[in-house]
Amino acid sequence: MAGCCQWQQRLKNLKTGIFRSAYGVTQDDKWKGNKMDLNEQQIERYSRHIILSDVGVEGQEKISNGKVLIIGIGGLGAPAALYLAAAGVGTIGLVDGDNVELSNLQRQVIHFSPDIGKPKVLSAQEKIASINPDVQVITYQSRVYSGNIAEIIKDYDFIIDGTDNFAAKFLINDACVFSAKPFSHGGILRFDGQAMTYLPGQACYRCIFGFPPPKGAVPTCSQAGILGAVAGMLGTIQAAEALKFLIGKGELLVNRLLIFNALDMKFRQVEFKRNPNCPVCGNNPTIKELLDEELPACDLKKR
């Protein structure tokens, strides 16, 4: 009860002006940040962040100045985009070359029935604008490939891999390693999900997985299925990693692979280290340029 009363008092202080006066903010002023101002409406919008001791106004300002790129606006990218927009991330980049299909709606929660046939990036942009007009959205209606990914990721602070095929996942890893960009990997299938976060100088995706599996060795979601809620669970984990990175708080999933099974609702972690023999970030890398892995035929048709 005491904790509840303290929380209520902090929120009351925020609304009644004690919070504002404590930081030199009057009713008619805006919070003065390096690159943005928090006005009265934004203080109210982000109040549940601001009253967190590990976020506060400074943390919210970092979020609002942050730039996050989401590659793949599907099962993972959709919930990640919604939560990052609600959190007030200043700039969100959306990359996807596909249009919304009826089968997407079971898990890709940013897309609605009237969006069928619409480019996913435009569908997502509309929802983000509706959720939070503070957010700037930049769209890239294209797949990522070796010839465009470096240019796309260069201006972003953090990358979220929401793709659904190994070719894209290894390409994103390699591009982020070469460009020293942090990113969150996520993968889902049936009732299972996994996630890890890469920071420059730490273990990368190839440190643990090496190379793509042989064609046909691992089914896609369109072949094996996916419980829709699993996509939401994993996508929000990726969004949380992005937010923690922006505010510089907590422990990221660095050198750790988080694995869960929703059917049993069991979570476990596998710890690993940077592999000195990694083909892209090792001591003597053999991969020195971006390469496009071949997509299986089913991915080309169904993605």
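The values are calculated or read from the model by the stated rules, or taken from the named source; none is laboratory data. Keep in mind the model is a prediction, meaning the values are calculated, not measured. Methodologically, a virtual Cβ is constructed for each residue, glycine included, from the backbone with ideal geometry; neighbour enumeration extends over all protein chains shown.
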Self-check item: First in the range 71-88 and closer than 23 Å to Ala175 by Cβ, second anywhere and basic (Lys, Arg), Cβ under 7 Å, 6 or more apart
Solution: Ile73/Lys120; Gly75/Arg107
Self-check item: Breaking point among (1) crowded, with 17+ Cβ neighbours inside 10 Å; (2) in contact with a strand residue (DSSP E or B) (Cβ under 6 Å, 6 or more places away or on another chain); (3) not aliphatic (A, V, I, L, M), for Phe267
Solution: (1)
Practice problem: Within the range 44-66, count every residue that is of a type in the set (Lys, Arg) and surrounded by fewer than 17 Cβ atoms within 10 Å (Cβ to Cβ). | Solution: 1
Exercise. Would you be able to say whether some residue in the range 182-189 is in contact (Cβ under 8 Å) with a residue 12 or more places away in the chain, over 26 Å from Ser64 (Cα atoms), crowded, with 20+ Cβ neighbours inside 10 Å and β-branched (Val, Ile, Thr)?
Key: yes
Exercise. Search the range 238-265 for residues that are closer than 20 Å to Gly56 by Cβ and assigned to a helix (DSSP H, G or I) and pair each with any residue that is of a type in the set (D, E, K, R) and at pLDDT 95 or above when their beta-carbon atoms are under 7 Å apart and the residues are at least 6 apart or on different chains.
Key: Leu246/Lys62; Leu246/Asp157; Ile247/Lys62
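Does Phe260 satisfy the condition of being among the aromatic types (Phe, Trp, Tyr), in contact with a helix residue (DSSP H, G or I) (Cβ under 9 Å, 6 or more places away or on another chain) and loosely packed, with under 15 Cβ neighbours inside 10 Å? Please lay out each step first, then the result.
On the way: among the aromatic types (Phe, Trp, Tyr): yes; in contact with a helix residue (DSSP H, G or I) (Cβ under 9 Å, 6 or more places away or on another chain): yes; loosely packed, with under 15 Cβ neighbours inside 10 Å: no.
So Phe260 fails the test.
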Quiz item: Tell me, which strands (runs of 3 or more DSSP E) wholly within the range 75-175 include 1 or more residues that are over 13 Å from the mean Cα position of the chain (by Cα) and under 26 Å from Leu246 (Cα atoms)?
Solution: 136-140
Quiz item: Among all residue pairs at least 6 apart or on different chains, which show Cβ distances below 6 Å where the first residue, located in the range 282-293, is surrounded by 12 or more Cβ atoms within 10 Å (Cβ to Cβ) and the second is among the charged types (D, E, K, R) and assigned to a loop (DSSP other than H, G, I, E, B)?
Solution: none
